[in-house]
């Protein structure tokens, strides 16, 4: 996965019953679509997804210009309810345990 500098976006999908197999297939489609994307402002990178089972929601995380992210979401067939700008903080801070 190639990292690009830019904004981060979450494609929020309501997806009742989403299973591992469906997510893996969609991951493959997103990766394939991402490799061919180069919208205005540069390419989009796919950073993975998060399935929230209690709410039947899947969040797909992207980095790049909004136009390129929209192109990937549409091209991969992600049924996003909305695209949300976000600021990810994925690495926990080091804490001392006493």
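Where a number appears in this text, it was derived from the coordinates with a stated rule and is not lab data. Treat the numbers as computed from the prediction; the structure is a model and nothing was measured. Quick reminder, even Gly has a Cβ in these numbers, built from the backbone with ideal geometry, and neighbours come from all protein chains shown.
So here's what we get for this one:
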read-out: Relative packing of peptides 19-27, 67-75 - highest average C-beta neighbours within 10 Å first; value: 67-75, 19-27
read-out: Net lengthening on full extension, residue 28/residue 56 (0.36 nm per residue, minus Cα-Cα); value: 8.0 nm
read-out: Additional length obtainable on full extension of the chain from residue 8 to residue 90, 0.36 nm per residue less Cα span; value: 28.3 nm
read-out: Average Cα contact separation per residue, region 8-86, under 8 Å, 6 or more apart, as relative contact order %; value: 47 percent
read-out: Rg in Å to one decimal, and Dmax rounded to a whole Å, for region 8-86 via C-alpha atoms; value: 11.7, 36
